[in-house]
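Below: the structure, in structure tokens.
What follows is calculated from the coordinates using simple rules that are stated; it is not laboratory data. What you are looking at is a predicted structure, and each value in this text was computed from that prediction instead of being measured. With ideal geometry, Cβ positions are generated from the backbone for all residues, glycine too; neighbour counts draw on all protein chains shown.
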Amino acid sequence: MSSIFIENLVLRSQLGDAQAFGELYEMYSEDMYRFAWYYTGNKYLAEEAVSEAALSAFENILSLKKPSSFKTWLFKILYNECKKMQKSKIISASFTDYSEENSKEYITDDADEVIALRNALAKLSDEEREILILHYSCGYSSKEISSITGIRATTLRSKISRATEKLRKLLTM
Amino acid sequence: MKDKYTEDLFGFEPEIPEGLSKDSILEKIEKRGITPKKHEPKKDNSFFFVAALFAVLLIGALALTGGFNNKGPAVQGQEATTEIRPQPQKPAPVEAQELPEGIYTFESREQVEEYFRYISEKNNVFFYVTDDFAVDINEGALKNETAEESVTVPVINSAIGSVSADYADSFTGTNTQNSADEGDIIKTDGRYLYIVSYINTVSYVKIVDTKDMKLLSELPYDNADGYNISGEIYIKGDRLVVLYNKLDYLKNNTYGGFICYDYYGGDGETLADIYDISDRAKPEKLFTVSQSGSIVSTRMIGNILYTVTRYTQFPDAEGDDFYCVPSVNGSTVDCKSIIHFDEENVSTYTVITATDISDEKAERGNLSVLTNSTGLYCSEDNLYLARNKYDGSGDKTVITKVSLKGTEIKCEASGEVNGCYNDKYSFDEKEGYLRVVTTRYDYESFCNICSLYILDENLGTVSKIDDITDGLNEEVKAVRFMGDKAYVVTFAQTDPLFVLDLSDVNNPVVKGELYMPGYSTYLHPIKEGILLGIGYGGDEEREDTSKLKIALYDVSDMNNPKILDEFIINNGYTDVNYDAKALIHYPAKNIVGIPVTIHSYNGYGNPVKSFAVIDYSDNKLTSVSGFVHDSEEYYKGTFRGTCIGENLYTVDDCAVIEHRLSDGEKLRECILATEEDFKVNINVEEYKSEDDMDVVVATSSAFIPE
């Protein structure tokens, strides 16, 4: 997708064109949901976080000064939305549920490997989890992750490789 | 962006739910009428207040001059409902309520309904507002009702309980922020342990006598009846207070052995049972107090229990009744005790009650504030409700100040500062000034900025330090105020500990800083000039969250904070990182203790639960020999410890173990539950087909169904 095209859509959204915003949203909705899903570990919370972030992004799109940075700006809002939930302890409550059988229904309808991955992710620190999800699941570069999370880009590379190693250990344990 | 390597790790692609399709998002945008909004400091609904004020003045003027006949007010009323329906009524006269500017209350239930209709229409949120209301609000309000099943026994008013020779002289109490007591899952009075423990869906308060290590009694609260202990109990002499939540769910399914509930939203009700425990083996329930909403936090000052809950509107099970006013002790609150702010636009109540636990008949107080608080800070005289909000121009912390005088609760002021607060330790009150430390994210420069604000008694900003880290892009991880000083740990790469001098409220300054690898998540004052930090280790390059770090700082010289010693536990994890109450401090023995779970990342086997007891005498951190509790099984729940006399007691859902403090030897144990108790019998016949199972396990009321 050319950046001019995206900028055009951002400008149109800023003029109040909901359809244009819809196009933009559709471009990133999968990434957003995947991030929220891994972050919150709960499909309902993920759905709520993404939908709240999308609505809040449209409402506040006039505060975006550089249309070219739409993607990181959008993720910053989503990241904040997820963080907010974490602050209110909702997520930590849902994390503790993983070890129990009843949580399967709650997280996803999917297989045991997914639960294993979620459990492993839960053992990482918040920061490690965030950067791994952003890097692997959403395919973001160190620079992009840096602008979303505020961690310095230069230290991110080593952080990513370390966290990856840790996750692997946890998964093969 | 998927390659082989990634697929290996994140092999799973979650399926996007229907509700997140482009069309349904656009539908929501349309339904809520969202348009990109310009960022202006004030919200528009003040216009309605002004309009309403004018209307009232006009009517008044016309009535005085006799220019109004009987038809007049009716026409006025119709206009209000058809045109910009509904406008919130003009708030009650400020003078009459002795309320500060910008804080309003409601005169009648009609006004509350109007308010909710207005909010509901503005935000396109669905509320039920029924026309008739079963309880007469003014009659029911503030009545002290006793729960039906309660047993009334004579109450000793002045002193509750006494200390006998059987009790140890010294023991570790709950690690509270200040002199106000805080509820916890484990309490002790020097002889008995009071423990909240869980077996599957049933929560218990268990009383253990440490003299002969015997389980004396247990009080069950079954989730099947909708009850769940919210993790806060209090002990005050011969009174035990148990706070629990009663959910509005309707139980009608069991699924895989777990009880499930039809979900229709609602925060339920928070109740507190007050027991007389003069006979520890037979606790007697004296009375119960209740209030709408789920628990935010509680405090106890003297004999007064302050309970703060959050209550959001939902229809009841049949979906045809609606309580737009919260209830306290079974009756709806007086509308005059509901506070709202003109700039707020929220439909969630924060309900505060004050109960004297020593006397059932004593007067009780309550106050409801229309604000969606997520946390609170309590000083000796005031309660500060706080919530973080993002309003488009940036992160904000909204603070509401409530004064506490015995059971009298009054809203004093409301204000906001830039940035999000971290936890209750982000706030501190001294001599009427509230000091707050926040982090805000600057959306222009993509930087975190840490600030300190000093607010006066009306929550107006007196002074501030706008950027504590001076452009370092760091996030606040821990704050501790001690008198005129504040210690702030921020983090991005290394762990600077900043020392702030607040002795001049008009001119707070950053005095000293100390850079350390890793970061602390909790700071604990050990004694004058000495601070203990608990957090993660690391090196210059990065933090290492697999290392638990305990550090001792010398902060007696403000300009030059020093590290005295540090203690690293590899692969360790402690609950103190998110709950400071897990830490015990025993000044009589110069020790601190934290529960530590040690993971074996490279081995097999279960993580090991042990209690790290660290001696800090001579400004050196040394480990006092091992206090291994047991290998961790997931079902055993939260792990804590407490000291009584010469012994340490470690507790989880299954057992209390007594260790000798001097050499760590395991002395005795008291079994609370066995593995058998946790086994769930799955009854296949009760398992209904998946199609009827529109259920959510009742653990969270986090999402709101559309």
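Summary table
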{"quantity": "10 Å Cβ neighbours from other chains, averaged over peptide B:29-36", "calculated": "5"}
{"quantity": "Net +/- balance of residues flanking A:Arg129 in space, Cβ distance below 11 Å, scoring K and R +1, D and E -1", "calculated": "-1"}
{"quantity": "Shielding by other protein chains, A:121-133, mean Cβ within 10 Å", "calculated": "2"}
{"quantity": "Inter-site label distance for B:Asp663 and B:Glu566 at 7 Å from Cα along Cβ, in nm", "calculated": "3.4"}
{"quantity": "Residue exposure sequence - B:Cys420, B:Cys335 - by fewest surrounding Cβ within 10 Å", "calculated": "B:Cys335, B:Cys420"}
{"quantity": "Net charge contributed by nearby residues that have their C-beta within less than 9 Å of B:Lys589 (K/R +1, D/E -1)", "calculated": "-2"}
{"quantity": "Local electrostatic count, B:Asn507, Cβ distance below 14 Å [Lys/Arg +1, Asp/Glu -1]", "calculated": "-1"}
{"quantity": "Three-way shape label, segment B:437-516, alpha-carbon gyration tensor, a/c 1.5", "calculated": "oblate"}
{"quantity": "Exposure proxy ranking, count of Cβ atoms within 10 Å, fewest first, for B:His599, A:His135", "calculated": "B:His599, A:His135"}
{"quantity": "For A:28-34, mean number of other protein chain Cβ atoms within 10 Å", "calculated": "3"}
{"quantity": "Added length on full extension, which subtracts the Cα-Cα distance from 0.36 nm per residue, A:Ser69 to A:Glu26", "calculated": "13.8 nm"}
